[in-house]
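The next block holds one structure in the form of structure tokens; read it before the comments.
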Amino acid sequence: MRQRMIREALSSAAQYEARRTFLRKGALAVGGAGLLVAGCTNGDGDAVAGGESGTPAGGGAAQTSGTSLLDRILDGETVRVGADLTFPPLQFKEGDEPAGYTIELALQMLDELGAEVEIVEVPFAELFGALAAGRFDISGIGATILPSRAQQVMFASEPLFIESNVVLRNVDSPVQTAADLNSPDVTIAVLVGSAQEASAEQLFPEATLRSLEQQPAVQDAATGRADVVLLGEFNVAEVLETNSDLEVLEGPPLFADINTYFLPQGDFKMKAYVDNWMRYQIIRGRFASLWETYVGGPAAAAGIQSTPVYSPYLAAGTVFADQRG
């Protein structure tokens, strides 16, 4: 409606002023409704869930108070960081300490804010509902920006990593190319709750999917219970080293996904900080260098395509400078 109004020719100054008055009152009404929704709490001061209060149905009350996580951190509150630390080299444990590409960057960001951190370990498939339910404050790992997940959480705008998705086949499977996968005679193992699971359902509707945790999915393909397993590039090298019955299916990666951090819906102040911090670190090359350390080097050794996150603006500037030179 607003676009139609903008396109309309105003026949007189009186019409123009009337239209301005109408829009100004409408904006005030919307702003007032937003304040009312933010102020809807129960007796404990928690945001009330439910369509009438303005919280999306099924999304839960992700932000448990009107105070941004950023302000709570600056006030000295401990930050609960949600993570599944069973996905090397992205996130894992070295002894009792979290390590890996995604969790290291998250902890660096929070450390620069002077935050005290508590790691809350949650199975990957439960992370989104757990954040919406208030079990932790912000993710310490990345996830694919699926629209279904955005019903419960809010994703950062900057990419944490770009994930090429690779098919590993059992060496005795009749599957030879990606064109063979969409068949009722083919069984595909995928990580439960993952982007690979969602994409496989769309790309290969005729195939049988087995949705499992990470290691059981790999073992399903390695032992022949599944023909193939669909994995992100970051753990292909390690899987191939430890499973001689698996090999990369010939051809390019099936698809690529953008993965990034996620935080409670409605906390735009914290999201603005996270976006700015990520953008700054990308420009400085921190993401690319850490990716090469944890992921890119091993992936290249295994012959897997890997793409670190660079700033598109700096890349375009470099190309322009080369062309001028």
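The values are calculated or read from the model by the stated rules, or taken from the named source; none is laboratory data. It should be emphasised that the depicted structure is a prediction, and the values quoted were computed from it without experimental measurement. Because the Cβ atoms are built from the backbone with ideal geometry, glycine has one as well, and the counts that use them run over all protein chains shown.
Within region 123-163, if we keep just the residues that are surrounded by fewer than 20 Cβ atoms within 10 Å (Cβ to Cβ) and of a type in the set (A, V, I, L, M), the residue that is nearest to the chain's Cα centre (by Cα) turns out to be ILE145.
Quick check on region 77-88. Is at least one of its residues under 19 Å from the mean Cα position of the chain (by Cα) and farther than 24 Å from ALA133 by Cα? Within region 77-88, one or more residues are under 19 Å from the mean Cα position of the chain (by Cα) and farther than 24 Å from ALA133 by Cα. Take region 199-214 and flag every residue that is part of a helix (DSSP H, G or I) and either crowded, with 17+ Cβ neighbours inside 10 Å or in contact with a helix residue (DSSP H, G or I) (Cβ under 9 Å, 6 or more places away or on another chain) (or both). Once the filter is applied, which keeps residues that are part of a helix (DSSP H, G or I) and either crowded, with 17+ Cβ neighbours inside 10 Å or in contact with a helix residue (DSSP H, G or I) (Cβ under 9 Å, 6 or more places away or on another chain) (or both), region 199-214 yields SER199, ALA200, LEU203, GLN214. Here's a check for you: in region 267-323, which residue that is in a helix (DSSP H, G or I) and β-branched (Val, Ile, Thr) is modelled with the lowest pLDDT? Per the criteria, the residue is VAL319. The criterion of being at pLDDT 95 or above, outside the structural domain of PRO264 (by TED's automatic domain parsing), surrounded by fewer than 19 Cβ atoms within 10 Å (Cβ to Cβ) and in a strand (DSSP E or B) does not hold for SER183. Looking only at region 81-89, decide whether some residue is among the charged types (D, E, K, R) and either surrounded by 20 or more Cβ atoms within 10 Å (Cβ to Cβ) or farther than 19 Å from MET270 by Cβ (or both). So far as region 81-89 goes, yes, one or more of its residues are among the charged types (D, E, K, R) and either surrounded by 20 or more Cβ atoms within 10 Å (Cβ to Cβ) or farther than 19 Å from MET270 by Cβ (or both).
Scan region 77-94 for residues that are assigned to a loop (DSSP other than H, G, I, E, B), modelled with pLDDT under 95 and of a type outside the set (S, T, N, Q) and the total you get is 3.
Can you name the number of the only condition in (1) touching a residue at least 12 places away in the same chain (Cβ under 8 Å); (2) farther than 18 Å from LEU69 by Cα; (3) in a helix (DSSP H, G or I) that ALA150 fails? Of everything listed in (1) touching a residue at least 12 places away in the same chain (Cβ under 8 Å); (2) farther than 18 Å from LEU69 by Cα; (3) in a helix (DSSP H, G or I), ALA150 misses just condition (1).
Would you pick out the residues in region 215-234 that are on the phi < 0 side of the Ramachandran plot and surrounded by fewer than 20 Cβ atoms within 10 Å (Cβ to Cβ)? Listed by number, the residues that qualify are GLN215, PRO216, GLN219, THR223, ARG225. Inspection of region 251-272 finds no residue satisfying the criterion of being surrounded by 18 or more Cβ atoms within 10 Å (Cβ to Cβ), more than 20 Å from the chain's Cα centre (by Cα) and closer than 13 Å to ARG169 by Cα.
Residues checked against (1) assigned to a helix (DSSP H, G or I); (2) within 26 Å of ALA207 (Cα to Cα); (3) not small (Gly, Ala, Ser):
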position: MET109; (1), (2), (3): yes, no, yes
position: ALA130; (1), (2), (3): yes, no, no
position: ARG135; (1), (2), (3): no, no, yes
position: LEU146; (1), (2), (3): no, yes, yes
position: VAL166; (1), (2), (3): no, yes, yes
position: VAL175; (1), (2), (3): no, yes, yes
position: ALA189; (1), (2), (3): no, yes, no
